[in-house]
Amino acid sequence: MSKMTISCVLMTLAAIQYGLVPPLVDLSDSHVFHPEWPPHARFHLVWLLAVNSTVAVVVLKLIWWPSPNRAANIKIAGWLGLIVLSGFYVALVSIDGYGGAMSDVADPPKMFGIDGNTFGFSIAAVLQVLGLMLIYRADENA
């Protein structure tokens, strides 16, 4: 399997994590339909979900649609994915500054002792960075 193909697969998996999983989880009573959430907070979450999911669709098109400039399209897709994933980390590092929380339940879901969101988005970020590195390396060797 070529570096370009591996890059595409890694970034596809990341796009699924940031573009498909959050709407499946967050369009629920725990988030968008949470009875105690202010309506304006719900609006912002739906907006975020729509933007991130739309970016994921664009990323997948850039990755898999045939093009004479496929390597360049994959690089753009890689950077777009990093932008989405960076937003998660901006929210995470600044959480104390705006009074946020990773969960509104006493015992949030964990994976290997790590908050489920942090774990999932960290895996996606690693896949995204590896995919982006591989496409740059594949382009250097072409």
Sequence of 84, 55 once ranked by neighbouring C-beta atoms within 10 Å, starting from the fewest: 55, 84
Quick note on 85, 92, 10, ordering by fewest other C-beta atoms within 10 Å, gives 92, 85, 10
In percent, what relative contact order does the chain have, based on Cα pairs under 8 Å that are 6 or more apart in sequence? 41
Within the chain, helix-based [θ] at 222 nm, where runs of 4 or more DSSP H residues each add -39,500 (n - 2.57), nearest 500: -24500 deg cm²/dmol
The list [x] 16.2; [y] 20.2; [z] 15.4 gives values of Kirkwood radius over Cα pairs in Å, and only one came from this structure; which label was calculated from it? [x]
Mind checking which lysines have their Cα closer than 22 Å to the Cα of residue 61? Skip sequence neighbours fewer than 8 apart in that chain. 3, 75
Gain in span if fully extended, residue 33 to residue 115, counting 0.36 nm per residue against the direct Cα distance: 27.3 nm
Extending each Cα 7 Å along its Cβ direction at residue 89 and residue 5, get the distance between those two points in nm, one decimal. 3.0
Using a 7 Å offset from the Cα along the Cα-to-Cβ direction at both residue 25 and residue 79, what is the distance between the two label points in nm, to one decimal? 2.9
Would you mind calculating the gained length between residue 126 and residue 44 on full extension (0.36 nm times residue separation, minus the Cα-Cα distance), in nm to one decimal? 26.9 nm
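Throughout, read-outs are computed from the coordinates displayed, never taken from laboratory work. Quantities reported herein were computed from a predicted structural model and do not represent experimental measurements. All Cβ positions, even for glycine, are placed from backbone atoms using ideal geometry, and neighbour counts span all protein chains on display.
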